[in-house]
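What follows is one structure encoded as structure tokens, with my remarks underneath.
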Amino acid sequence: MTLPPTGGPDELRAPPTQRGAHDMLMDIDVTEAEARDGGFRPGRTLPAGVEFVRQLRRRRTHVVALILLLLPLAIALAFQASSPGPANGNNSGNFSGPLLATLATKGAINFALFTEFASASFLLVVLVALFCGDTVASEASWSSLRYLLAIPVPRARLLRQKLIVALSLSLGANVLLPAWALVIGGMFFGWAPAQSPLGGSFTTGEGLTRLLIVVGYASLQSLLVAALAFLFGVLTDAPLGAVGGATMVVVLSNILDSITALDPYRKFLPTHFQYAWLDAVGPSVQWDNMMRGSGLVLVYSAVFFAVAWWHFQRKDIVS
């Protein structure tokens, strides 16, 4: 297949790396014979499998995997080296860090819950921001983004494939950490039934179900970080700027959320329900705050992703 001749009525008036050109490329008519002979087919450019392998081979992915594998081991060794202290706080339903730390050595499930609590506020935020903020910005910083578009890969498809892989890696990080912590906790502290901060205990099956709810909700909350980082990633050519920008917004939202004088407006902050998964470790699962938090994060994420798509479709890639 050949592109329309220069000067013809269907001539591409803009280089394929500049805005507008990919709308014309999507309209090119490719016959069955041309497709069979290797002609341009937008739907076959940048396969997700190829992008996934590329991201898995990157050193940053290896470093992230190493951190996720070493962190539960380091926490378990720290608990082993220290003598357990009395529980701090009360059982009013406000699950404090010290109280969860006291319960962390009571079995594998409690250890996994504490590891999730200790990591959700910063470590997992940074890792998700790294996967989703770096994916497009790194291509721009390497000056390879314009070559991807000149292949040509349609812009919407490029963003979709990049986002699918980035979200897959982010979900993998959110699942790997508590799953590996569960294994490490079992090796160090046994497989006793999980204990609730409000008192009582769960059977093994019920404890695993509660842990699954916690991981699922925390993973959904990380979608907000992914959307923020992805938006910053298409706005800038600096990967660290995208990662740092998303992390800073989350930290700022958490700071504002801690100011009770902002009631009732702080309930609209994107991270207000970040720890609503703690309602799943009481005697019964309380779904109200988790439902509110899920709806809030889905709305924010949809807006951020839509803005990222809108901006990238109109952006001139010339660097």
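So the values come out like this:
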{"read-out": "Estimated inter-spin distance, residue 59 and residue 314, nm [label 7 Å along Cα→Cβ]", "value": "3.9 nm"}
{"read-out": "Cα-projected label distance for residue 298 with residue 50, points at 7 Å along beta-carbon direction, nm", "value": "3.4 nm"}
{"read-out": "For residue 201, distant residues with modelled amide H under 5 Å away", "value": "196"}
{"read-out": "Phi to ³J(HN,Hα) by Karplus 6.51 cos²θ - 1.76 cosθ + 1.60 over the stretch 68-79, Hz, x for Gly, Pro", "value": "5, 7, 7, 4, x, 5, 5, 5, 5, 5, 5, 5"}
{"read-out": "Solvent exposure, largest accessible area first (probe 1.4 Å, DNA, RNA and ligands not counted), of 187, 290", "value": "187, 290"}
{"read-out": "Protein-only accessible surface order, largest first, of 122, 114 at 1.4 Å", "value": "122, 114"}
{"read-out": "Ranked order, 287, 277, 180 - accessible area, probe 1.4 Å, largest first", "value": "287, 180, 277"}
{"read-out": "Length released on extending from residue 259 to residue 285, taking residue separation times 0.36 nm less the Cα-Cα span", "value": "6.7 nm"}
{"read-out": "Cα gyration tensor category, rounded, prolate or oblate, for the stretch 179-319 with a/c compared to 1.5", "value": "prolate"}
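The values are calculated or read from the model by the stated rules, or taken from the named source; none is laboratory data. Remember, predicted model here, so these are calculated numbers, not experimental data. Neighbour counts run over all protein chains shown; Cβ positions are idealised from the backbone, glycine included. With ligands, DNA and RNA removed, areas are computed over all heavy atoms of the protein, side chains included. Shrake-Rupley method; radii C 1.70, N 1.55, O 1.52, S 1.80 Å.
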